[in-house]
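Notes follow the structure.
The values are calculated or read from the model by the stated rules, or taken from the named source; none is laboratory data. The model shown is predicted, which means the values in this text are computed figures rather than measured ones. Cβ sites come from the backbone with ideal geometry, for glycine too, and all protein chains shown count toward neighbours.
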Amino acid sequence: MNRRTFLMAKATTLLLPMCANAYSFVQYTPAAWAELKKTNQTVILNFRANGSLTCNQKLELIAQLIGQNSNYDSLTFVDVDWDHFGQSVMASSLEVKRHSTLIVMKNGSEVTRIVNEPYERKMRTFLDAAVAA
C-alpha cells in the first residue's frame with residue numbers, strides 16, 4: 001500500500017465515527033434480519049468492510065444525503081459486516097459478490113442494488129428508488 005492510500009484510508013477511518021452517527025442503522029444479525037423481513041419497511045442492506053475507502057465514502061455520502069432529504073428518514077439501514085457475513089448463506093442467496101454493495105429490500109424481495117458506486121448522483125438515484133419502493 002502506498003503512503004497516499006494509507007493516509008486517505010486512515011483519515012476516512014478517523015472520520016467514520018462522526019459519519020456513522022449522522023444516521024441510525026441496525027447491526028446485521030440473522031435474528032434481526034429475520035424480523036425485518038416480516039415487516040413492510042424498506043430496508044437497505046449495506047455490505048461493507050471497515051477498512052474499505054469506498055465503503056466509508058458511501059457512509060459519508062448517505063449521511064450527507066439524508067441531511068438534505070427528509071424522505072430518506074423512512075428507510076431502515078442495516079449494516080452488514082463483510083468480514084463476518086460476506087461469506088454467509090444470506091450473502092450467497094442475495095448473490096453479493098463483494099463488499100461495497102447496497103441492496104434495497106422490500107417485503108423480503110430485492111428492489112435494486114448499487115455496487116462500488118460512491119458518487120452522489122448515483123447514490124441519490126438509489127435512495128430515491130428505495131423511497132419509491
Can you tell me which residues in the range 70-79 are in a loop (DSSP other than H, G, I, E, B) and exposed (fewer than 13 other Cβ atoms within 10 Å of the Cβ)? none
Conditions: (1) at pLDDT below 90; (2) over 19 Å from Val26 (Cβ atoms); (3) surrounded by 13 or more Cβ atoms within 10 Å (Cβ to Cβ). Gln87 meets all but one. Number of the miss? (3)
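Can you tell me which residues in the range 27-53 are of a type outside the set (A, V, I, L, M, F, W, C), assigned to a helix (DSSP H, G or I) and at pLDDT 90 or above? It would help to see each step written out before you state the result.
Keep residues of the range 27-53 that are of a type outside the set (A, V, I, L, M, F, W, C), which gives 27-30, 35, 37-42, 46, 48, 50-52.
From what's left, assigned to a helix (DSSP H, G or I): 30, 35, 37.
Within the range 27-53, Pro30 is the sole residue that qualifies.
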Index of the failed condition, Arg98 passing every other in (1) surrounded by fewer than 16 Cβ atoms within 10 Å (Cβ to Cβ); (2) of a type in the set (Lys, Arg); (3) in contact (Cβ under 8 Å) with a residue 60 or more places away in the chain: (3)
Looking at Asn40, Asn46, Asn50, Asn107, which one is under 20 Å from Ser24 (Cβ atoms), more than 11 Å from the chain's Cα centre (by Cα) and either in contact (Cβ under 8 Å) with a residue 60 or more places away in the chain or buried (at least 18 other Cβ atoms within 10 Å of the Cβ) (or both)? Asn40
The one condition Glu120 fails out of (1) exposed (fewer than 13 other Cβ atoms within 10 Å of the Cβ); (2) under 18 Å from Phe25 (Cα atoms); (3) among the acidic types (Asp, Glu) is (2)
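Considering only residues of the range 80-107 that are among the acidic types (Asp, Glu) and not in a loop (DSSP other than H, G, I, E, B), which is nearest to Leu45 (Cα to Cα)? Give the steps one after another, and end with the answer.
To start, the set of residues in the range 80-107 that are among the acidic types (Asp, Glu) comprises 81, 83, 95.
From what is left, the residues that are not in a loop (DSSP other than H, G, I, E, B) are 81, 83.
Details: Asp81: 10, Asp83: 15 Å.
Filtering the range 80-107 for residues that are among the acidic types (Asp, Glu) and not in a loop (DSSP other than H, G, I, E, B), the one nearest to Leu45 (Cα to Cα) comes out as Asp81.
For Thr29, state whether it is over 12 Å from Leu127 (Cβ atoms), within 17 Å of the chain's Cα centre (by Cα) and free of Cβ contacts under 8 Å to residues at least 24 places away in the same chain.
Values: over 12 Å from Leu127 (Cβ atoms): yes; within 17 Å of the chain's Cα centre (by Cα): yes; free of Cβ contacts under 8 Å to residues at least 24 places away in the same chain: yes.
Criteria met by Thr29.
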